[in-house]
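Undergrad: Below you will find the structure I want to go over with you.
Derivation of every value follows stated rules applied to the coordinates shown; laboratory data play no part. Note that the structure is predicted; figures quoted are calculated from it, not measured. For neighbour counting, all protein chains shown are included, and Cβ atoms are generated from backbone atoms with ideal geometry for every residue, glycine included.
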Amino acid sequence: SMLLHGTTTTEAKSGYGLNKEDEIKQLEALKEADLRHPIDIISTFLGAHEIPPEYKTDKETYIRLLIDDIIPEIRRRDLAEFFDVFCEEGVYSVEESRRLIQAAKQHGFKIKIHADEFAPLGGTQLAAEEGATSADHVMAITEEGIQALAESDTAATFLPGVSFFLMQNKKAPARRIIDSGAVVALATDFNPGSSMTESMLFILQLAVYTLGMGIEEAINAATANAAFTLRRHNDVGSLDIGKKMDVILFDEPSYLNLVYHLGVNSVRHVVKDGRIVVRDRNLTY
């Protein structure tokens with residue numbers, strides 16, 4: 001379905017197992033899917049997505065388990081390129097997140113952070129300090145967080161599908177972040193709990209109508225800048241000499257119609273790495 005909606009490269013996370021066996025199963029499934037499917041799937045280990053019920057009163061033991069056992073094992077098996085942590089009140093504090101991030105970096109993981117989604121905890125500043133490729137959500141970001149992004153290569157990834165799906169009034173202050181000079185990206189956050197959509201076209205529309213982004217800004221955030229957050233910008237994200245030929249052809253008279261014509265999937269053809277994988281809205285691989 002993602003391919004039919006025009007996605008040719010995606011990040012996918014674990015984080016719904018919260019134990020070694022199930023996290024490994026999820027990442028193994030992603031690795032197998034990457035081998036079988038035209039979409040390039042880049043895996044992220046999100047074992048620090050929550051605190052498992054059995055460790056609710058003993059979080060430190062779970063943190064030690066992640067640092068001493070699960071993170072090294074995920075790296076040994078080469079199951080993920082990125083490490084992510086939910087830095088949020090009631091989940092992982094800034095200092096707990098820092099410990100986990102630094103342990104992951106020691107094993108060669110690139111970093112992403114669920115940052116400042118509900119409370120202005122300072123996860124965005126942590127992301128910038130630790131060289132994360134992105135701080136995701138940022139709905140409760142502070143001016144200090146915005147400045148930290150502007151002075152770093154860490155991107156703010158907006159996930160407007162979450163606010164829409166959860167019927168929240170709080171949204172990322174996109175205009176302020178963009179005007180600061182920070183890099184911004186867009187993503188679906190496709191998951192069963194808070195953003196059940198695989199349509200990046202829908203996300204473009206939400207970015208324009210709910211975050212106040214211009215259509216050109218939104219397209220850039222969903223393509224070139226999104227590739228930058230995955231450190232794939234030298235290969236995908238724009239049409240350029242030497243990059244993969246990943247192309248979407250829309251059944252619209254103008255790119256402006258991508259956010260004007262609502263409620264339809266206007267993706268007609270998709271080319272992945274020079275190969276037609278969707279023709280006339282039908283999969284061809």
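Undergrad: If I model a spin label as a point 7 Å beyond the Cα along the Cα-Cβ vector, how far apart are those points for ARG275 and ASN257 in nm?
TA: In this crude label model, ARG275 to ASN257 measures out at 3.0 nm.
Undergrad: Please give the calculated 222 nm ellipticity per residue for the chain, where each DSSP H segment of at least 4 residues contributes -39500 (n - 2.57) and the sum is spread over every residue; nearest 500 deg cm²/dmol?
TA: It lands at -9500 deg cm²/dmol.
Undergrad: Read phi for every residue in region 212-228 and hand back ³J(HN,Hα) as whole Hz from Karplus 6.51 cos²θ - 1.76 cosθ + 1.60, θ = phi - 60°, with x for Gly and Pro.
TA: x, 7, x, 4, 5, 4, 5, 4, 4, 5, 8, 10, 4, 6, 4, 4, 4
Undergrad: Calculate, in nm to one decimal, what ARG77 and VAL264 gain on full extension: separation in residues at 0.36 nm each, minus their alpha carbon distance.
TA: Working: separation 187, 0.36 × 187 = 67.32 nm, distance 4.10 nm.
Full extension from ARG77 to VAL264 adds 63.2 nm.
Undergrad: Apply the Karplus curve 6.51 cos²θ - 1.76 cosθ + 1.60, θ = phi - 60°, to the phi angles in region 245-254 and return the couplings in whole Hz, x for Gly and Pro.
TA: Karplus-based 3J(HN,Hα) across region 245-254 equals 8, 9, 9, 10, 10, 9, 8, 9, x, 7 Hz.
Undergrad: Answer with a single label: of (1) 30, 21, 20; (2) 30, 23, 17; (3) 50, 20, 16, which was calculated as semi-axes √(5λ) of the Cα gyration tensor in Å from the structure in view?
TA: Derived directly from the coordinates: (2).
Undergrad: Label 7 Å along Cα→Cβ of LEU4; region 246-268 residues with amide nitrogen under 20 Å?
TA: 247-252, 262-268
Undergrad: Dipole magnitude of the chain about its Cα centre, charges +1 at Lys/Arg Cβ and -1 at Asp/Glu Cβ only, in debye to the nearest 20?
TA: It works out to roughly 700 debye.
Undergrad: How high is the relative contact order of the chain, in percent, with contacts defined as C-alpha pairs under 8 Å that are six or more residues apart?
TA: 13
Undergrad: Oh, and also: Between HIS107 and ASP22, what length in nm is gained on full extension when 0.36 nm per residue of separation is reduced by their alpha carbon distance?
TA: Numbers: separation 85, 0.36 × 85 = 30.60 nm, distance 2.05 nm.
Stretched out fully, the HIS107 to ASP22 stretch lengthens by 28.6 nm.
Undergrad: Take the residue pairs LYS20/LYS112; LYS13/LYS244; LYS25/LYS243; LYS25/LYS171; LYS20/LYS244 and return only those whose Cα atoms are more than 30 Å apart. The partial results should precede the final answer.
TA: Values: LYS20/LYS112 20 Å; LYS13/LYS244 24 Å; LYS25/LYS243 32 Å; LYS25/LYS171 34 Å; LYS20/LYS244 35 Å.
From the list (LYS20/LYS112; LYS13/LYS244; LYS25/LYS243; LYS25/LYS171; LYS20/LYS244), the Cα-Cα distance tops 30 Å for LYS25/LYS243; LYS25/LYS171; LYS20/LYS244.
Undergrad: On to the next question. Provide the per-residue ³J(HN,Hα) series for region 164-177, in order, calculated from phi with Karplus coefficients 6.51, -1.76, 1.60 and θ = phi - 60°, each as a whole number of Hz, with x at glycine and proline positions.
TA: 5, 5, 8, 6, 9, 7, 6, 9, 4, x, 4, 4, 5, 5
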